[in-house]
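S.K.: So that we are looking at the same thing, I have put the structure below in structure tokens.
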Amino acid sequence: MNTLLENISSRLLHKAATIQGHIEELKEKLRQVLEQKEISVTVSAGVETTGRRRMSLGARRRIAAAQRARWAKQRNETAGAAAPTKSRRGGMSAAGRARLAEAAKRRWAKAKASGKNAL
């Protein structure tokens, strides 16, 4: 090691000492930053750090009850709207059914006249 120091010029030795001083300053700054982080971690130790929020049991129950109420309301509205359509049976008037029956009779009469057993 002595031979290494003997071969270094005074200018290089001064530069090495300056760099060593910078390193010591950076180590001190790093220590301060790490101490600040430790302090902030101990202060916020009670807070969950994963970023997910927890919901209380009461809040979950209120949300579930509100959703059940929305579903019940939707069922009641659809049941009220569906009741009149069930009594109509098919949604076609008697006149419309008569027109379809007459058209089918004409098609079959034409098919039978040409000698077919199926359309």
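The values are calculated or read from the model by the stated rules, or taken from the named source; none is laboratory data. What you see is a predicted model; the values in this text were computed from it and never measured. Reconstructed Cβ throughout: ideal geometry from the backbone, glycine too, with neighbour counts over all protein chains shown.
Every residue, every condition in (1) at pLDDT below 95; (2) charged (D, E, K, R); (3) in contact with a Ser or Thr (Cβ under 6 Å, 6 or more places away or on another chain), yes or no:
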residue	(1), (2), (3)
A45	yes, no, no
T49	yes, no, no
R52	yes, yes, no
R61	no, yes, no
A64	no, no, no
N76	yes, no, no
G80	yes, no, no
S87	yes, no, no
A98	no, no, no
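S.K.: When you look at A72, is it among the hydrophobic types (A, V, I, L, M, F, W, C), assigned to a helix (DSSP H, G or I) and either modelled with pLDDT of 95 or more or out of contact with any helix residue (DSSP H, G or I) (no Cβ under 9 Å at 6 or more places or on another chain) (or both), yes or no?
M.R.: When the stated conditions are applied, A72 passes them.
S.K.: Related question: Which of the residues belonging to segment 96-119 are more than 58 Å from the chain's Cα centre (by Cα) and surrounded by 11 or more Cβ atoms within 10 Å (Cβ to Cβ)?
M.R.: Hits for segment 96-119 are W108, K110, A111.
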